[in-house]
Amino acid sequence: MIYASFALLFSAAALTACSDDDVTGDPARNWEGTTELFIPTDEAGFSTYYTPAVGRVGDPMPFFDKKEGNFKVLYLQEFTNNMAYRYHPIWAVQTTDGCNYEPLGEVLPVGSNDYQQDAALGTGCCYYSEKEGLYYVYYTGHNPNSKYTEAVMRATSPDFKTWTKDNLWQLNGPEFGYSSVDFRDPQVFEAEDGLYHMVIATKPVSGGDPVFAEFTSSDLKTWQHAGRFPMIWDRMLECPDIFKMGQYWYLVYSESVRTSWSRKVKYMVASSYDDLKACLGGSPRWPADGHEGVLDSRAFYAGKTAGNGTDRYIWGWCPFRSGGSIHEMNVNVGGGDGNEPNWSGALVCHKLIQHADGTLTLGAVPAMASKYNKSMPVNVMASSGYNNGTLSGDGAYALFSRLGAHNHISMTVKTSNNWDKFGISFVRGTDSEKYYTVVVNPEDENHRKVNFEQEGPTGQGFVDGIDGYWFERPSDNVYHIDIYTDNSVMVMYINDNVCYTNRIYGIQKNCWSINNYGGSVTVSDVKVSEY
């Protein structure tokens, strides 16, 4: 792919700030060559980080369809105004590459009345039986009006178009010693014993810490209870996904602890399925990655994976923020400031990167780079403490020309010592009272963490609850950075070792900057492309 070169150009207009009265979102105005804050609006639907034109994406259920040779991602369709008891029908999209999607519409409707077990639908999984030529969807039927608030149900289809709900079959938690309120998120996989296994997130009927209920089957139809195994302490591990990748077994889960430091997608790894279960319980055996298996920020949730035999990808959702426009004061610090983020949003896909020791990190889907293939000029519009690619001193920055609606930003940053701190800002104009920065922050001499800050004269500084995870400082102090945006969704990757997702309204059609906070950093090979 061809990108624009890093042009060291200045715009005379950039050096003249305007008053707040001049800041509008008027699309008719010629904004080229200006640096004042623009008030953009998200598109009705997103293409890369898929969002339907109406509603939002909840809890994805991906699988690789061997019959059609593509990935299908079922998800819970969220509407702004759901019915009281009947909500979250299962819809689907299909993709071959994880960044271009074809909507398939509704797969499973909600129940036809307020008293059916599946009046509302919850997450589950889809599995294709090559032997039968039949698709199975196992899902959660949720209804507080029913005898069981939650039960596991299923539906089948020969063609992924016409579906039949099996109304004569369901798994009910109390019949096996589990809760009737929490009995959900079924996931089906093949294990080392040649059987199909199903794990269900639940709690003992007598109370106590949550557990995984396990069932086995030889034919995907009749299931036998095979016992239970613990989660981690008192934490509910939602949306479990168990799979083998290379020589390792993995459990990917979403930890639903309602605190600003948790509620993230994590994983466990072991050399066998039985050993994987032994990683859990009161003495968890965390992956050897230094951050308890955390894969992304708090803005990526309900992640589940699917593989095509060569590559494996993970899909989750990036939550929307209440307000949804930078017209709303402080909208970019809501839903991530220690409170529970909103449920549902945009579908985000990453590639799983497996390291030699079995640890995982997330990287960009390979097709992203070829999709964002329209090179754009990269002009320095204003700066301070900047000289020929080097930013020196606290507060040094280089402000670059406006972005589009869908952007790929890449660069290399080299710090001068083990303590240098730098950041990349969005929604920044020469007249901005506040703007939003992802900061690569030194937690100590040898570790970094991506923080989120609201900077500027009226900015609040650090935003709680949307920071990333600890990672080791690169031994050479070199950071290769790729950032992809689709409207208000932003994902940053560093050295194939760090993934950070966030929702930042106002990115598109505004300037952006690279900043330094003491010491000096050298920035090179800055490129921007769009699609």
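The values are calculated or read from the model by the stated rules, or taken from the named source; none is laboratory data. Note that the structure is a prediction, hence the values are computed from the model and not measured. Cβ: placed from backbone, ideal geometry, glycine included. Neighbour counts: every protein chain shown. Heavy atoms of the whole protein, side chains included, go into the accessibility calculation; ligands, DNA and RNA do not. Shrake-Rupley method; radii C 1.70, N 1.55, O 1.52, S 1.80 Å.
Taking the three principal axes of the alpha carbon atoms in the stretch 302-402, the coordinate ranges are 49, 35, 31 Å, sorted in descending order.
Need one word for the stretch 81-131: rounded, prolate or oblate. Basis is the Cα gyration tensor (sqrt eigenvalues a ≥ b ≥ c); a/c below 1.5 gives rounded, then a/b vs b/c decides. The shape class here is oblate.
For the stretch 305-454, relative contact order (Cα pairs under 8 Å, six or more residues apart, normalised by length) works out to 12 percent. For the stretch 129-206, the solvent-accessible area with a 1.4 angstrom probe is 43 square angstrom per residue.
Over the chain, Cα pairs under 8 Å with separation of 6+ residues give a relative contact order of 15 percent. Of the solvent-accessible surface of the chain, computed with a 1.4 Å probe and all protein chains present, 48% belongs to carbon and sulfur. With Cα atoms defining each centre, the stretch 87-109 and the stretch 279-301 are spaced 29 Å apart in the structure. Taking a ≥ b ≥ c as the square roots of the Cα gyration tensor eigenvalues, the stretch 274-330 comes out oblate, since a/c reaches at least 1.5 and a/b does not exceed b/c.
Sorting HIS350, HIS447, HIS480, HIS88 on solvent-accessible area from highest to lowest, probe radius 1.4 Å, gives HIS480, HIS447, HIS88, HIS350. Computed across the chain, the Kirkwood hydrodynamic radius from all distinct Cα-Cα pairs reaches 24.1 Å. A 1.4 Å probe run over the protein chains yields, for the stretch 217-326, 34 Å² of accessible area per residue, whole-number rounding.
Excluding ligands, DNA and RNA, the accessible surface per residue across the stretch 342-489 is 32 Å² with a 1.4 Å probe.
Take every pair of alpha-carbon atoms less than 8 Å apart whose residues are at least six positions apart; their mean separation over the length of the stretch 44-184 yields a relative contact order of 16 percent. Charge dipole (Cα centre; +1 on Lys/Arg Cβ, -1 on Asp/Glu Cβ; no other charges) of the chain amounts to roughly 520 debye. Each of PRO186, ASN145, LEU168 was scored by the projection of its Cα onto the charge dipole of the stretch 106-205, and the greatest displacement toward the positive side belongs to ASN145; charges sit on the C-beta of Lys, Arg, Asp and Glu. Ordering GLY111, PRO158, LEU360 by the projection of their Cα atoms onto the charge dipole of the chain, which places +1 on the Cβ of Lys and Arg and -1 on the Cβ of Asp and Glu, puts PRO158 at the extreme positive end. The figure for HIS225 is an accessible area of roughly 80 square angstrom, using a 1.4 Å probe on the protein chains alone. Seen through its C-alpha gyration tensor, with square-root eigenvalues sorted a ≥ b ≥ c, the stretch 446-531 comes out rounded because a/c lies under 1.5.
Working note: 222 nm ellipticity from helices only, DSSP H runs with n ≥ 4, each -39,500 (n - 2.57), summed and divided by the residues of the chain, gives -500 deg cm²/dmol to the nearest 500.
When the residues TRP315, TRP233, TRP223 are ordered by accessible surface, computed with a 1.4 Å probe over the protein chains alone, the sequence from largest down reads TRP233, TRP223, TRP315.
Between the stretch 363-410 and the stretch 125-187, what is the separation of their alpha carbon centroids in Å? About 47 Å separates the Cα centre of the stretch 363-410 from the one of the stretch 125-187.
Rounded to the nearest 5, what % of DSSP beta bridges with both residues in the stretch 215-310 are antiparallel? Once the DSSP bridges in the stretch 215-310 are tallied, antiparallel ones form about 95 percent.
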